[in-house]
Every structure is written in C-alpha cells, then in structure tokens.
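Peer 1: Sharing a structure, written as structure tokens. Questions coming.
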Amino acid sequence: MILTGYKIIKEVKGGKIKITPFDHNRITTNSYDLRLGSKLIRYTSKTLDPKIKPDFKIMDIPKSGMIMQAGDFLLGETEEMVGSDSYVPIIHAKSGTARMGLFVHVTADLIDIGYYGKFTLQLFATLPVKIYPYMLIAQVSFWQPKGKIVLYKGKYQNSDGPKPSMCYKDFGKINK
Amino acid sequence: MILTGDYIFKELLKGNISIYPFKRSQINPNSYNYRLGKTIKVFDKFVNGKSVFKKVVIPESGYLLEPGKMYLGNTYEFIGSKKYAMSLIGRSSMGRLGLFLQVSANLGHTTSYHKWTLELVALKPIKIYPKMIIGQISFWTNFGRIYKYGGRYAKINKPQESFININIHDFNRV
C-alpha cells in the first residue's frame with residue numbers, strides 16, 4: 001500500500017519517516033515534492049566501465065539557471081535528506097519535470113528501507129531544458145513493506161550530495 | 001505491499017517465488033539483485049517497418065554499449081512468482097552510470113516465470129560484462145483473484161524482440 005500525504009505528515013511527526021528540511025506545503029495527495037540541490041556531477045571519462053572508478057567533475061548550478069542540452073546526462077542531488085526505517089521510498093519525476101522531457105532517474109527508482117541521505121538524481125534531458133537550484137523537480141512516495149525488515153547498510157548511506165556510481169568498489173566481490 | 005528481502009527468501013523456500021540460480025547474497029532490503037545474461041541482441045536496421053537485431057555473445061572482457069542505440073538483453077536467472085506481481089528495474093549503481101535496463105516497462109505479471117528480456121539504453125559509452133549484477137526485482141502483494149497471464153512473452157528465455165507487429169495484424173483481422 002502507498003501512503004497518503006496525510007499519513008506521510010503523521011509519520012514524519014512520529015519519526016518513522018525522515019525528511020530534512022520538511023515543509024508541510026510540499027505534501028501532495030500521495031507523495032512529497034523534492035527540490036533539486038545546487039551541485040551537479042558530470043562524468044569526464046570517455047567510456048564508463050563498472051569495474052573502474054569513473055572520472056568526473058562537480059559543478060554548482062548558477063542561480064540564474066543552467067541549460068541542459070538534449071542528450072545531456074548529469075547527476076544531481078535532492079536538497080532534502082530523506083529516508084525511512086519503516087517504509088520503502090520510491091522516487092518519481094514531478095509530472096511538470098517529465099513534460100519538459102527530463103528524466104530524474106535511469107530505471108533506479110527504488111530506495112532501500114533504512115537508507116537515509118540525499119537522493120542522487122540521474123538527470124537525462126531529452127529536450128533542451130533549463131534547470132535552477134532548489135527548483136521543485138521530483139517527488140517521493142512511501143510504500144508499506146511486508147515481512148521482517150533488515151535495514152540498508154550499503155555504500156551510498158548518508159550521502160550528502162550527488163554520488164557517482166561506486167560500482168567499481170565491489171564489482172569483483174559481488175560478481176563472483 | 002512490497003516484500004522485504006527476508007520475506008522474499010521465506011516465500012522462495014515455500015515455492016511462492018522462484019529464482020534460479022539463487023544466491024542469498026543477492027538479496028537487498030526490499031529487492032533481489034539479478035544478473036545480466038551471456039548474450040545480447042544489437043539493433044541492426046529497420047526493414048519494412050520491423051526492427052532487425054543481431055545476436056552477440058558478450059565476451060568475458062566486456063562489450064561496449066554505444067549511446068543512441070537500443071539493445072535487448074536478458075536476466076541470467078529465471079525469475080517468477082505464482083503469488084506476487086513484480087517490478088524490474090536497474091541497480092542505482094548502473095542508473096548512476098546512465099544505463100537504462102528497461103524502457104518504461106517494469107511490470108512483471110504474476111504467474112510468469114522466465115528469463116526476463118531487458119531493454120538496454122546507454123546514455124554514455126559503457127562496458128557491460130556477462131553475468132554481472134545489473135538490476136533489481138521487487139515483489140508486490142496482489143489485491144484480488146489472480147487470473148493467469150496468457151502473454152506471448154511469459155515463457156521466453158532469450159532476449160526477445162517485440163511481437164507488436166504480429167499483435168497489430170491479429171487486431172486488424174478482428
């Protein structure tokens with residue numbers, strides 16, 4: 001079952017959902033609206049290889065905005081730290097974002113229960129689109145789990161900004 | 001409701017979820033990590049309104065996916081459930097590298113059991129390896145009586161291109 005906005009507020013107050021900073025006005029019927037942070041990552045490696053640490057640069061989005069060209073792929077961050085030890089979060093674009101042709105994730109919408117931190121947004125523009133720091137860009141919904149909960153303890157825990165893929169760190173170990 | 005990793009394992013032992021081959025280390029807090037199979041199909045050309053794909057065996061040394069192309073792959077594992085609906089996505093570690101594992105078709109129907117076809121789209125040139133852990137599947141409880149899916153793809157175990165043209169002909173005949 002998916003939580004309603006009203007239930008999300010109750011669980012934020014009760015501490016079962018953490019959203020920092022939290023603003024009542026950004027609750028929607030079934031989700032909470034998330035803002036884009038101010039940092040972006042652009043990979044500078046010509047070819048990406050999950051076995052090798054990628055090269056990248058970190059940039060600030062100017063207050064006056066930044067244009068992503070069609071085909072651009074950048075990693076962004078949510079301004080909010082989000083997580084729950086009781087519910088499973090799923091990230092979505094705001095429909096207004098999607099209507100501009102901008103993806104906010106690349107088939108990786110599911111957050112592990114127990115994760116807490118900023119979400120890394122996988123920004124992919126299918127049309128030229130201007131983005132601004134702190135604009136409302138995405139939304140998070142919360143889903144009730146069934147079964148005993150074992151919390152996430154992975155390599156992206158407590159992310160405080162956009163995090164590039166750390167696939168290379170355990171590629172050899174997990175792919176045995 | 002979405003099943004937790006612990007519950008996925010319990011239901012696997014009961015036979016309500018099937019994953020073969022299965023490794024306990026591939027269980028996540030609320031999903032299971034699946035692997036990429038050993039072959040992919042590379043889009044070659046568009047002829048008479050139909051996409052033609054070429055089969056490629058992914059070398060152990062890796063295969064480079066190019067942006068702007070679409071590739072069909074499959075899961076290394078047979079995955080299915082007679083009791084739960086499924087959602088198949090990529091791992092966040094692959095999403096962060098700009099690799100789509102499906103093209104807005106994440107839903108897996110209750111009662112299907114097969115090697116799933118993946119739709120790989122790369123936003124940057126990226127290397128893939130046979131049998132690498134590449135995505136995740138989650139399991140969801142149903143509400144209502146389960147009516148068996150009679151879909152064309154439910155028992156297919158190789159990267160399978162779309163049958164959609166055939167569907168259109170069927171439709172036109174009616």
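Peer 1: Take the residues of the stretch B:24-76 that are of a type in the set (Lys, Arg) and in contact with a helix residue (DSSP H, G or I) (Cβ under 9 Å, 6 or more places away or on another chain): which is nearest to residue B:86 (Cα to Cα)?
Peer 2: The extreme case among them is B:35.
Peer 1: May I pose another question? Which one of these is more than 28 Å from residue A:55 (Cβ to Cβ), open to solvent by less than 10 Å² (accessible area, probe 1.4 Å) and hydroxyl-bearing (Ser, Thr, Tyr): B:75, B:111?
Peer 2: Only one candidate qualifies: B:75.
Peer 1: Look at residue A:31 and say whether it is open to solvent by less than 30 Å² (accessible area, probe 1.4 Å) and at pLDDT 95 or above.
Peer 2: Yes.
Peer 1: Given (1) within 14 Å of chain A (Cβ to nearest Cβ); (2) modelled with pLDDT of 95 or more; (3) in contact with a Phe, Trp or Tyr (Cβ under 9 Å, 6 or more places away or on another chain); (4) open to solvent by 50 Å² or more (accessible area, probe 1.4 Å), where does residue B:70 come up short, assuming only one miss?
Peer 2: All conditions pass for residue B:70, except number (2).
Peer 1: Right, here's the next one. Got a sec? Which of A:151, A:127, A:75 is at pLDDT 95 or above, part of a strand (DSSP E or B) and aliphatic (A, V, I, L, M)?
Peer 2: None of the other options fit; the residue is A:75.
Peer 1: Working only within the stretch B:110-152, note down all residues that are touching a strand residue (DSSP E or B) at 6+ places or on another chain (Cβ under 7 Å), in contact (Cβ under 8 Å) with a residue 40 or more places away in the chain and not in a strand (DSSP E or B).
Peer 2: B:112, B:115, B:116, B:123, B:124, B:125, B:130, B:131, B:132, B:141, B:142
Peer 1: Identify all residues within the stretch A:94-119 that are open to solvent by less than 30 Å² (accessible area, probe 1.4 Å) and within 11 Å of residue A:138 (Cβ to Cβ); write none if there are none.
Peer 2: Across the stretch A:94-119, the qualifying residues are A:97, A:102, A:104, A:119.
Peer 1: Return the residue satisfying two criteria in turn: it lies in the stretch B:17-39 and is within 12 Å of chain A (Cβ to nearest Cβ) and in a loop (DSSP other than H, G, I, E, B), and of such residues it is nearest to residue A:175 (Cα to Cα).
Peer 2: The qualifying residue nearest to residue A:175 (Cα to Cα) is B:23.
Peer 1: Keeping to the stretch A:104-119, report how many residues are closer than 13 Å to residue B:31 by Cβ and more than 7 Å from chain B (Cβ to nearest Cβ).
Peer 2: 2
Peer 1: Next question. Could you look through the stretch B:1-16, keep only residues that are outside any helix (DSSP H, G or I) and open to solvent by 10 Å² or more (accessible area, probe 1.4 Å), and pick out the one that is nearest to the other protein chains (Cβ to nearest Cβ)?
Peer 2: B:1
Peer 1: Can you tell me which residues in the stretch B:21-60 are surrounded by fewer than 11 Cβ atoms within 10 Å (Cβ to Cβ) and of a type in the set (Ser, Thr, Tyr)?
Peer 2: B:25
The values are calculated or read from the model by the stated rules, or taken from the named source; none is laboratory data. Treat the numbers as computed from the prediction; the structure is a model and nothing was measured. Because the Cβ atoms are built from the backbone with ideal geometry, glycine has one as well, and the counts that use them run over all protein chains shown. Just so you know, the surface numbers come from the protein's heavy atoms only, side chains and all, with ligands and any DNA or RNA stripped out. Shrake-Rupley method; radii C 1.70, N 1.55, O 1.52, S 1.80 Å.
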